[in-house]
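Comments concern the structure below.
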Amino acid sequence: MRIAGLFALILGSFLLPAQETTPKVKVVGAKPTSPASGKEMFHAYCASCHGLDGKGNGPAASALKKQPADLTLLAQQSGGKFPAMRVMNSIKDGTQAGHGSKDMPVWGPILSTVSSDSPAVVTQRIGNLIGFIESMQVK
Ligand code: HEC
């Protein structure tokens, strides 16, 4: 028994440093951004997972079970038409596949906290985020 315990201890000390280097998604409070800039908001809130270019290769992506969607292909995957409504629902309510899962936050309430809880500002933020995502579609 004692030997087994000791073994576990040694094993534990080998496992610990390895665990420390495993990337973890750190959830921090949303920092304030301008509701007028889709780009600024995307970089602040989305790029950690989706990447600055939206292709889904942000620094936090490797820590997720499900890989972030490549947001540049949304129009292509929808027969050439950018699915603005779907994107809006995904961001706001997390109703689409994966949203509101552990790996993709539901943004409605978070955006509300950086908008002084003003629904009009939240709507403006989501509109500008959608516009920015639409601008990154591959043709
Ligand atoms: C913590 C990581 C993470 C962050 C931060 C994040 N996403 Fe996501 N996102 C994901 C994952 C993972 C998926 C894929 C979910 C799935 O397919 O089940 C996803 C999927 C999406 C989709 C769905 C695409 C489709 O096919 O309908 C949209 C749109 C989206 N994200 C937009 C955003 C926007 C906008 C932001 C910033 C406000 C954001 N995401 C921030 C992880 C993240």
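The values are calculated or read from the model by the stated rules, or taken from the named source; none is laboratory data. These numbers were taken from a predicted model, which means no experiment stands behind them. Every residue, glycine as well, gets a Cβ built from its backbone with ideal geometry; the counts of neighbours run over all protein chains shown.
Identify all residues within segment 94-127 that are assigned to a loop (DSSP other than H, G, I, E, B) and either at pLDDT 95 or above or farther than 20 Å from Gly29 by Cα (or both); write none if there are none.
Thr95, Gln96, Ala97, Gly98, listed by residue number.
Those residues that are part of a loop (DSSP other than H, G, I, E, B), in contact (Cβ under 8 Å) with a residue 60 or more places away in the chain and over 11 Å from the mean Cα position of the chain (by Cα), I need them from segment 45-77; list them, please.
Selection gives Asp53 alone.
Return yes or no: is Phe42 in contact (Cβ under 8 Å) with a residue 40 or more places away in the chain, outside any helix (DSSP H, G or I) and among the hydrophobic types (A, V, I, L, M, F, W, C)?
Taking the combined requirement at face value, the residue does not satisfy it.
From Ile130, Ile91, which residue is at pLDDT 95 or above and assigned to a helix (DSSP H, G or I)? Write out each step before concluding.
Working: Ile91 fails: at pLDDT 95 or above.
Checking each option against the conditions leaves just Ile130.
Does segment 64-83 contain at least one residue that is surrounded by 15 or more Cβ atoms within 10 Å (Cβ to Cβ) and more than 12 Å from the ligand (Cβ to nearest atom)? Show your work before the answer.
Quick first cut of segment 64-83, residues surrounded by 15 or more Cβ atoms within 10 Å (Cβ to Cβ) only: 64, 68-75, 82-83.
The next check asks that each one be more than 12 Å from the ligand (Cβ to nearest atom); those that pass are none.
No, there is no match, as no residue in segment 64-83 is surrounded by 15 or more Cβ atoms within 10 Å (Cβ to Cβ) and more than 12 Å from the ligand (Cβ to nearest atom).
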